[in-house]
Amino acid sequence: MPIYEYKCLKCRNEFEAMQKFSDSPLKKCPSCGGGVKRLISRSSFQLKGSGWYLTDYAKKGSPSDTQESKGSTESSPEPTPSKPPSTSDDD
């Protein structure tokens, strides 16, 4: 059930109410009985499961990140080319 925020127009009391989507909005303040209006507030949710981060950015140094980065560099190291030293006789 969502939690809705309300503000009393008479006493300026702000309060929350847990209501179903199908419930009609509240009309009276529980403190003074004055009229209320529903506030628009930011909703929050959390994505759970593999593939989702708790924040917008990946954690640096997490086990999966370090294994992937180490595995890609260790499995295919590039050979260093061995060239003979060049000598120029044009001087």
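The values are calculated or read from the model by the stated rules, or taken from the named source; none is laboratory data. As the structure is a computational prediction, the values presented were derived from the model and not from experiment. Here the Cβ is made from the backbone with ideal geometry for all residues, glycine too, and neighbour counts use every protein chain on show.
Residues in segment 32-57 that are at pLDDT 75 or above and out of contact with any Cys (no Cβ under 6 Å at 6 or more places or on another chain): 8 in all. The residue list Lys27, Lys20, Lys60 contains one member that is at pLDDT below 80 and exposed (fewer than 12 other Cβ atoms within 10 Å of the Cβ), which is Lys60.
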